[in-house]
Amino acid sequence: ATPTALMVGTGKGAENGVLIRDGEAVQTMKDITAVVLDKTGTITKGEAEVTDIIAAGEFDENKVLELAGSAEKSSEHPLAEAIVKKAEAKNIEFMETKDFNAVVGRGIEAVLKDKVILVGNQKFMESKEIDIQELKDKIISLEEEAKTAMIVAYAGQAIGIIAVADTIKKDSVKAIKAFKAMGLKTIMITGDNSRTARAIADQVGIESVISEILPEDKSNEVKKLQSQGEVVAMVGDGINDAPALKQANVGIAIGTGTDIAIESSDLTLVSGELSSVVSGLKLSRYTFATIK
Ligand code: ADP
Ligand code: MG
């Protein structure tokens with residue numbers, strides 16, 4: 001393209017809430033065949049809230065929240081923040097913990113009153129040999145409601161479930177409909193479990209789901225799609241999205257996301273709204289279709 005075309009594109013982009021870091025990306029946008037979207041913070045607001053607390057052992061719901069909150073206080077994960085916030089709202093006083101350890105994509109562990117406290121997903125509990133058989137039906141029904149269910153275990157026993165839900169952004173449904181109308185494949189990528197992921201994808205009309213992906217594997221999934229011939233736009237907000245944003249043909253960061261995601265991107269959506277991606281794609285098609 002001529003420099004003038006790029007400038008026009010860039011100017012129009014800014015009007016539409018798209019900040020462009022790499023001018024070439026504007027041109028590549030017209031060739032995109034698949035849009036990969038991170039779930040938390042991109043399709044959803046990324047503001048998880050505790051919706052259910054289920055006691056399943058010797059402790060009541062408040063005690064389950066107290067134990068889980070005490071351990072999660074050391075974690076910076078949005079799920080941990082939701083649990084801590086709920087405990088604080090109930091004026092729960094946290095207990096002292098030590099030996100905190102976060103296992104990526106799984107959960108957290110700590111020692112509380114000389115016993116191990118665990119909070120995390122099914123895979124985490126299985127790896128720690130915690131029997132969760134009796135909780136499975138409940139977990140499934142929570143996940144089918146698009147909630148993320150975390151299991152709490154203490155002293156080797158499952159003692160309950162804490163479920164959190166996130167809100168879908170106002171314009172996600174509309175934007176995904178527009179991607180499809182443009183003939184693009186839509187794919188959601190997440191570290192969350194497949195059932196919750198599918199439930200959220202259904203709510204917004206996304207066809208394909210890549211779930212239970214460890215943060216470091218997100219970029220590999222983008223690579224896989226590229227090797228299948230897809231030209232990929234990746235939209236994400238988190239630290240763990242940065243390598244995937246780099247790997248994608250066009251990496252698009254959400255303006256409200258982490259600095260590292262923004263630095264790794266070609267474009268940044270100032271508004272944080274997916275509709276801006278739609279505008280960007282249309283703009284690129286329009287601008288570069290008219291120039292030979
Ligand atoms: P995402 O950012 O998509 O939620 P993560 O890789 O951060 O993906 O987390 C994947 C899963 O690991 C979560 O859905 C949750 O089940 C579990 N997990 C991660 N961190 C925590 C935590 N601090 N407490 C409980 N569970 C956690
Ligand atoms: Mg995210």
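The values are calculated or read from the model by the stated rules, or taken from the named source; none is laboratory data. Because the structure is predicted, anything quoted here is derived from the model rather than measured. Here Cβ is always computed from backbone atoms with ideal geometry, including for glycine, and neighbour counts include all displayed protein chains. Areas reflect the complete protein model, heavy atoms only, side chains present, ligands, DNA and RNA absent. Shrake-Rupley method; radii C 1.70, N 1.55, O 1.52, S 1.80 Å.
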- [ ] Go through the range 77-107 residue by residue and tally those that are closer than 26 Å to GLY191 by Cα, in contact with a helix residue (DSSP H, G or I) (Cβ under 6 Å, 6 or more places away or on another chain) and free of Cβ contacts under 8 Å to residues at least 60 places away in the same chain.
- [x] 5
- [ ] Give the range 147-156 a look and list any residue that's closer than 21 Å to ASP202 by Cα and more than 16 Å from ligand 2 (Cβ to nearest atom), or say none.
- [x] LYS147, ALA149
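Here's the yes/no breakdown for (1) open to solvent by less than 10 Å² (accessible area, probe 1.4 Å); (2) away from ligand 1 (no atom under 16 Å from the Cβ); (3) of a type outside the set (Ser, Thr, Tyr); (4) part of a loop (DSSP other than H, G, I, E, B):
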{"site": "THR28", "(1), (2), (3), (4)": "no, yes, no, no"}
{"site": "VAL36", "(1), (2), (3), (4)": "yes, no, yes, no"}
{"site": "THR40", "(1), (2), (3), (4)": "no, no, no, no"}
{"site": "GLU47", "(1), (2), (3), (4)": "no, no, yes, yes"}
{"site": "THR51", "(1), (2), (3), (4)": "no, no, no, no"}
{"site": "GLU58", "(1), (2), (3), (4)": "no, yes, yes, yes"}
{"site": "ALA68", "(1), (2), (3), (4)": "yes, no, yes, no"}
{"site": "ALA71", "(1), (2), (3), (4)": "yes, no, yes, no"}
Open item on the list: Just to verify a result, which residue in the range 74-102, among those that are polar (S, T, N, Q) and farther than 21 Å from ASP52 by Cβ, is least open to solvent (accessible area, probe 1.4 Å)?
Closed with: THR97
Task: Qualifying residue in the range 200-207 (condition: more than 12 Å from ligand 1 (Cβ to nearest atom), surrounded by fewer than 18 Cβ atoms within 10 Å (Cβ to Cβ) and at pLDDT below 95) - done: yes
- [ ] Go through the residues of the range 282-292 one by one and say whether even a single one is modelled with pLDDT of 95 or more and among the small types (Gly, Ala, Ser).
- [x] no
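Rundown of residues vs (1) assigned to a helix (DSSP H, G or I); (2) among the small types (Gly, Ala, Ser); (3) under 22 Å from ASP52 (Cα atoms), yes/no style:
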site: LYS170; (1), (2), (3): no, no, no
site: PHE179; (1), (2), (3): yes, no, no
site: MET188; (1), (2), (3): no, no, no
site: GLY191; (1), (2), (3): no, yes, yes
site: SER219; (1), (2), (3): yes, yes, no
site: LYS223; (1), (2), (3): yes, no, no
site: GLN226; (1), (2), (3): yes, no, no
site: GLU230; (1), (2), (3): no, no, no
TODO: For the range 139-170, enumerate the residues that are away from ligand 1 (no atom under 13 Å from the Cβ), surrounded by 22 or more Cβ atoms within 10 Å (Cβ to Cβ) and among the hydroxyl-bearing types (Ser, Thr, Tyr).
DONE: TYR154
TODO: Considering each residue of the range 218-242, count those that are within 15 Å of ligand 2 (Cβ to nearest atom) and either closer than 16 Å to SER265 by Cβ or crowded, with 19+ Cβ neighbours inside 10 Å (or both), and give that number.
DONE: 12
- [ ] Out of the residues in the range 238-259 that are at pLDDT below 90 and within 14 Å of ligand 1 (Cβ to nearest atom), state the one that is farthest from LEU19 (Cα to Cα).
- [x] ASN240
Open item on the list: Just to check your reading of the model, which residue among LYS123, LYS113, LYS136 is open to solvent by 10 Å² or more (accessible area, probe 1.4 Å), at negative phi and out of contact with any helix residue (DSSP H, G or I) (no Cβ under 9 Å at 6 or more places or on another chain)?
Closed with: LYS123
Open item on the list: Any residue in the range 147-173 that is among the hydroxyl-bearing types (Ser, Thr, Tyr) sitting within a Cβ distance under 7 Å of a residue that is open to solvent by 10 Å² or more (accessible area, probe 1.4 Å) and part of a loop (DSSP other than H, G, I, E, B)? List the pairs, counting only those 6 or more apart or interchain.
Closed with: THR148/ASP192; THR167/LYS45; THR167/GLU47
